[in-house]
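**Q** This is the structure I want to talk about, given as structure tokens.
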Amino acid sequence: MMQESPKKILVIEDDNVTRNLYLKGLEAKGFDTIGANNGFAGIQQAQEHIPDLVICDITMPDMDGYSVLNTLRQDPVTAIIPFIFLTGSSTKADVRKAMELGADDYLTKPSTLDELLRAIAIRLQKQATLQYWWAMKLEKAPQSVFADNTTAIAVGGGVGVSVGEASREAPDTEIIIPAKSIFPYIPQLKEVFDFIEAHYHQGITLCDVAVAVGYSPAYLTNRVAKQTGDTVNCWIVKRRMAGARFLLQNNDQTVEKIAKALGYQDVSHFSRQFRQHHGLPPQAWRKEHQLVSQKQVKFLQNC
């Protein structure tokens, strides 16, 4: 039977005595430990070794613990590593700031090794549970009823036909036209947008996205809004609206079926959101834009 490798813990602490005390105590409990005597060194160690958990002091010279946490959360490689503050500061403002930045726990000095071990065990267990839960959810997730990344237009006998018609006819050739992504290219948010793209049709919410990328909902909302001008929920709706436009224009499904295919439980909710974004109800928008498509087909035929 294969044995699980020991968990790797990074301790960032500028006081040598305190740092070595925790490192030796964790090693005695079977952990693989790494030490860093300042924030800059801690970030380098985290990016190089990718620990399973980070323990960090707040008050340190040159770079404090808040800056360390913020830097690690900005890097997709280190963003979801559980992070525990271990500090002498216990004010309500400090604790609140730590939580808003995405810290997973906050311990005050002096803390015993047993207290630290319990906090570590809780965070590692939660991380393992989340990973298992998402793995199971993704494994069981149904496939989307339409192509997310491509738009197919079948061309047969020199006459262009819509996707709905293509399913009923046997065209001579098929042209696959990649659909342009609605998401901006921001490397720091790639994981967020990738998750939305893969699951927008499953009724996901801000909390689902936050759990998937390892942030608190509040922190993720602020981060995405700061970099894009829109919230996570706005991006989910925008992606669903793009899917709605494609389906309304290219097949004959009812509005209710389209709403369900996009993750809406209530067709009225879908219709309201669609009207807010497009100025028309789904059915009226469909008639207007399918008419435009038919004119385009006739133009191509004449050409």
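**Q** Output the residue which, of all residues in segment 106-117 that are in contact (Cβ under 8 Å) with a residue 12 or more places away in the chain and either hydroxyl-bearing (Ser, Thr, Tyr) or open to solvent by 40 Å² or more (accessible area, probe 1.4 Å) (or both), is nearest to Leu220 (Cα to Cα).
**A** It comes out as Tyr106.
**Q** Could you please find all residues in segment 218-255 being of a type outside the set (Val, Ile, Thr), open to solvent by 50 Å² or more (accessible area, probe 1.4 Å) and closer than 14 Å to Pro282 by Cβ?
**A** Of everything in segment 218-255, those that are of a type outside the set (Val, Ile, Thr), open to solvent by 50 Å² or more (accessible area, probe 1.4 Å) and closer than 14 Å to Pro282 by Cβ turn out to be Arg245, Gln249, Asp252, Gln253.
**Q** Filtering segment 256-283 down to residues that are open to solvent by less than 40 Å² (accessible area, probe 1.4 Å), in a helix (DSSP H, G or I) and among the small types (Gly, Ala, Ser), which residue is farthest from His201 (Cα to Cα)?
**A** Of everything passing the filter in segment 256-283, Ser271 is farthest from His201 (Cα to Cα).
**Q** Now a separate question. Under 6 Å by Cβ, and 6 or more places apart or on different chains, what pairs join a residue from segment 181-196 that is closer than 13 Å to Gly214 by Cβ with one that is surrounded by 13 or more Cβ atoms within 10 Å (Cβ to Cβ)?
**A** Filtered contacts from segment 181-196: Glu191/Pro76; Glu191/Val213; Val192/Val213; Phe195/Val209; Phe195/Ala212.
**Q** Counting only residues that are closer than 24 Å to Val209 by Cβ and touching a residue at least 40 places away in the same chain (Cβ under 8 Å), how many does segment 239-289 have?
**A** Here the count works out to 13.
**Q** May I pose another question? Let me confirm something: among Gly25, Gly39, which residue is surrounded by 13 or more Cβ atoms within 10 Å (Cβ to Cβ), out of contact with any strand residue (DSSP E or B) (no Cβ under 6 Å at 6 or more places or on another chain) and within 28 Å of Pro76 (Cβ to Cβ)?
**A** Gly39
**Q** Checking Lys97 against (1) touching a Phe, Trp or Tyr at 6+ places or on another chain (Cβ under 7 Å); (2) buried (at least 21 other Cβ atoms within 10 Å of the Cβ), only one condition comes out false. Which one?
**A** (2)
**Q** Is one or more of the residues making up segment 295-302 modelled with pLDDT of 85 or more, assigned to a helix (DSSP H, G or I), of a type in the set (D, E, K, R) and open to solvent by 60 Å² or more (accessible area, probe 1.4 Å)?
**A** no
**Q** Do you know which residues across segment 257-278 are of a type in the set (D, E, K, R) and within 25 Å of the chain's Cα centre (by Cα)?
**A** Listed by number, the residues that qualify are Lys260, Asp266.
**Q** Also, I was wondering about something else. Looking at segment 219-256 only, could you name the residues that are within 19 Å of the chain's Cα centre (by Cα), of a type in the set (D, E, K, R) and modelled with pLDDT under 90?
**A** Arg223, Lys226, Asp230
The values are calculated or read from the model by the stated rules, or taken from the named source; none is laboratory data. Everything numeric in this text was worked out from a predicted model, so none of it was measured. Methodologically, a virtual Cβ is constructed for each residue, glycine included, from the backbone with ideal geometry; neighbour enumeration extends over all protein chains shown. Ligands, DNA and RNA are stripped out before the accessible areas are found, and what is left, the full protein with its side chains, is counted by its heavy atoms. Shrake-Rupley method; radii C 1.70, N 1.55, O 1.52, S 1.80 Å.
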